[in-house]
Amino acid sequence: MAYEDFLTDCFGELQKMQDDLNKAYDINSFTSWNYDQPSGIITLSKPDKTINFRYYQVGTYSTASKTWKWSWDNENTSKNVVVDIEKIKGFGIANNYENLINGEFPSYDEIGWELSSICCNLIGGIGVYRPVVDHLKIHIVLTELIDNDLAEREKTKYVDCENHERRRRAFICQHLKEGSKNGFEESFETFEDMEFEYEDDDFVAWCNECEKLRIKEGGLSEKCWEEGKFKIVCEKCYFKIKETNT
Ligand SMILES: [Zn+2]
Ligand SMILES: [Zn+2]
C-alpha cells in the first residue's frame with residue numbers, strides 16, 4: 001500500500017477516535033496537564049475534575065526548527081513511554097515508509113497528528129492529546145483511562161533523585177551506604193530494571209545488624225522499619241549500593 005493511502009486510513013480512524021474521546025471526557029476542557037514519564041501516566045485537571053490516563057509519547061514537533069522528532073530518537077524521553085520502535089520503524093522498513101524510519105526530519109505542523117494516527121493503528125490507543133511546551137508540540141497517545149487512586153498509588157512508586165532523575169523507588173535501612181560492606185539482605189532476588197511479580201513488590205534492603213533483629217522478630221516487622229530508619233532512594237542508587245556491598 002502506498003504511504004498516502006495507509007495514512008488516509010489511519011487518519012480517518014483517528015478522527016473517529018478523537019470524536020469519541022471528546023464525547024466521553026470532554027478532553028479539551030481541561031485546563032492543566034502533567035505527565036509522569038516513569039510511570040507513564042498523564043493527569044489532566046480543571047477546577048472541578050481530575051482524570052488520569054496511561055499514555056505513550058509519539059514524538060515532538062518543533063515550531064522553531066520545523067522538524068519532527070520521534071520519541072525513540074529522543075534521549076529526553078523516558079524509555080517507559082517511547083513508542084515501540086520495532087512496531088513503527090520495523091513496519092516502516094518493511095513498507096519503505098520513510099517517515100517511520102528516520103528519527104528526525106524537517107516537516108510541517110500536521111505531521112504529529114499524522115504519525116500519531118499511524119501509531120494508534122499499529123500500536124493502539126484511544127486518542128491523542130497534544131500539549132505544547134514553548135516551541136514543542138508534544139504528541140501523546142492515550143491508551144487507557146485509569147482510576148485516580150490507582151494513578152496516585154502508581155506515581156508514589158517513583159522518586160526524584162538528584163543524581164538519577166526520576167526512577168522507581170527503593171527502600172534501604174539507614175546503615176547501608178555505597179561501600180559500607182555491612183551486608184545487603186533482601187526479601188527476594190533483585191536486579192536492575194526487573195519487573196516485579198506482584199503489584200505490591202518493592203526493592204527493600206537492610207544490613208547485617210538489621211537482619212539480626214528481623215530474625216528475632218520473625219519478619220520485617222514495624223519495629224525493624226523503625227529501628228532501621230529505612231529511607232527511600234532511587235532504583236539506580238539502590239543497585240549501586242548493592243553492587244558495592246555484595
Ligand atoms: Zn541496618
Ligand atoms: Zn539515585
**Message:** Just to be sure I understand: if I project the alpha-carbon convex hull of the chain onto a plane and average over all orientations, what area do I get in nm²?
**Reply:** 16.3 nm²
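Would you mind calculating the relative contact order of the chain from Cα pairs under 8 angstrom and at least 6 residues apart, reporting the percent as a whole number? Before the final figure, lay out the partial values.
Numbers: 405 pairs, mean separation 44.5, N = 246.
Normalised by residue count, the contact order of the chain is 18 percent.
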**Message:** One quarter of the convex hull surface, Cα atoms only: what value does that give for the range 3-147 in nm²?
**Reply:** 8.3 nm²
**Request:** Grab the beta carbon distance between N80 and K212, set R0 = 51 Å, and tell me the FRET efficiency rounded to 0.05.
**Result:** 0.85
**Prompt:** Can you list the residues of the range 226-246 with backbone N under 18 Å from a point 7 Å past the Cα of K177, pointing along Cα to Cβ?
**Reply:** 228-234, 237-246
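For the range 157-245, report the % of Cα-Cα distances exceeding 16 Å.
Numbers: 2012 of 3916 pairs.
Above the 16 Å cut-off, the range 157-245 has 51 percent of its Cα pairs.
How much mean residue ellipticity at 222 nm does the chain get from its helices, if each DSSP H run of length 4 or more adds -39500 (n - 2.57) and you divide by all residues, to the nearest 500 deg cm²/dmol?
Numbers: 8 runs with 85 residues, N = 246.
That comes out to -10500 deg cm²/dmol.
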**Asked** Against the longest alpha carbon principal axis of the chain, how many degrees, from 0 to 90 and to the nearest 10, is the axis of helix 85-95 turned?
**Response** 30 degrees
**Asked** Ignoring ligands, DNA and RNA, what accessible area per residue does the range 3-147 give at 1.4 Å, in Å²?
**Response** 48 Å²
**Asked** How high is the relative contact order of the range 3-147, given as a whole-number percent (alpha carbon pairs under 8 Å, six or more residues apart)?
**Response** 29 percent
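Mind checking the range 54-109 for trypsin sites (Lys or Arg not before Pro) that DSSP puts in a loop (not H, G, I, E or B) and that have at most 13 other Cβ atoms within 10 Å?
Those satisfying the criteria are K66, K79.
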**Asked** Quick one: if you stick a label point 7 Å off each Cα along the C-beta vector at N148 and N28, how many nm between them?
**Response** 2.5 nm
**Request:** Return the FRET efficiency for the residue pair A2, K87: r is the Cβ-Cβ distance, R0 is 25 Å, and the value is rounded to the nearest 0.05.
**Result:** 0.80
**Å² per residue, accessible surface of the range 157-245 at 1.4 Å** = 63 Å²
**Fill in**
Whole-percent carbon and sulfur contribution to the accessible surface of the range 75-220 (1.4 Å, no ligands, DNA or RNA) stands at 45 percent
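Kindly work out what percent of the DSSP beta bridges joining two residues of the chain are antiparallel, to the nearest 5.
Numbers: 43 of 47 bridges.
Given both bridge residues lie in the chain, the antiparallel proportion sits at roughly 90 percent.
The values are calculated or read from the model by the stated rules, or taken from the named source; none is laboratory data. Please read all numbers here as calculations on a predicted model, not as lab measurements. When we count neighbours, we look across all protein chains shown, and the Cβ atoms used for this are built from the backbone with ideal geometry, even at glycine. What goes into the accessible areas is simple: the full protein's heavy atoms, side chains included, and nothing from ligands, DNA or RNA. Shrake-Rupley method; radii C 1.70, N 1.55, O 1.52, S 1.80 Å.
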